[in-house]
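Shown next, in C-alpha cells, is the structure this report addresses.
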Amino acid sequence: MMSCGGAPALPESMPFPSRGPGRRTLRVERLERRAVTGTLNPEAAGAAIRLKAADRLELDGIRVTDTRGRFIAGRGVDRKAPIDFSDRSWFIVHRDRPDAGLFMSEPLISKLAGLQISSFSRRYNSPGGVFAGVVSASVPLSYFVRQLQAVDAGPHGIVTLRDAQLRLIARHPEPPADGTDTAGSRKVSAALAALVESGRPSGTYRTVCPVDGTERSFAFRRLLVAPAPPRPWPTRC
C-alpha cells in the first residue's frame, strides 16, 4: 500500500524492476523440469539464473534453496558452506503453504550483501508435486525509495510504501536520523490503521503524523502488484 501526506493522485501499482521480480522473473516451471530426476542440478540452475538476472541490475540477486533452506544456486553461492535461509519468513511460508504463490517478505538484511532488502519468492516442487525448495529475488529497499521520488507530495509532504502488516518498506523523504521511522516500523496513525482494517482500496483522511507531529491531509491506495499473503499491501501515516 502507498500513502502520501499532501494527498496527490496515487498510482494503482508500483513500477518494479524491469519485467520483475514478478511472475516472469520467478517462473519455477524450468526449475521443476530440471528436477525431473528428483534432484535439482545446482550448476545448471545457476547458469539459468545468471542468464535470467543479467539484465536485472536492480536486483540484489536471484537465489534457489533446497528443501532444508540451504542456498544451492545463484550469485554468491558457496556449496562447501551453504547459507541457511530456513529461518526466513519467505522460506517458511512456501514450505508450509503450497498455495502461497508469489510472496513479498518484510524488510530484511541480506545475508550476503548486508543490504536492506525485500524478497519476492515462489515455491518449486519435485516431479511428484512435493516441496523441493524456493526461488527468491531480493530487491534493495533503496530501489523503492527511488520510485517514490516520482510522486510529487509538495515541499512538506511524505510518501510511504508499507506491506500488508503496515511495516515500512520505503519512505520519501528519507526517515529521520533518530530512528523513529526505520524500515519495518509499524508506527502509523490510528486513522490509517482503521482504514486499512476496513478493507477499503483507497481513501483520504486528515490526521497528525505520528512521526513528526505535523497535521496533514493524506491519501492512501492499496497497490495491485506483488501480493503478500494474507492481504493486499498498505502504506503510511
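The values are calculated or read from the model by the stated rules, or taken from the named source; none is laboratory data. Every value quoted in this text rests on a predicted model; they were computed, and no experiment measured them. Reconstructed Cβ throughout: ideal geometry from the backbone, glycine too, with neighbour counts over all protein chains shown.
Summary of computed values
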read-out: Meets criteria (among the polar types (S, T, N, Q), modelled with pLDDT of 90 or more and buried (at least 18 other Cβ atoms within 10 Å of the Cβ)) for T65; value: yes
read-out: Subset of the range 179-221 (residues that are among the charged types (D, E, K, R), surrounded by fewer than 19 Cβ atoms within 10 Å (Cβ to Cβ) and not in a helix (DSSP H, G or I)); value: R186, K187, R200, R206, D212, E215
read-out: Of all residues making up the range 89-124, the number that are farther than 21 Å from R167 by Cα, surrounded by fewer than 16 Cβ atoms within 10 Å (Cβ to Cβ) and modelled with pLDDT of 90 or more; value: 4
read-out: Filter result for L59 (modelled with pLDDT under 90, outside any helix (DSSP H, G or I) and not assigned by TED's automatic domain parsing to the domain that holds T182); value: yes
read-out: Among the candidates A132, A153, A226, residue that is at pLDDT below 90, crowded, with 19+ Cβ neighbours inside 10 Å and under 19 Å from V93 (Cβ atoms); value: A226
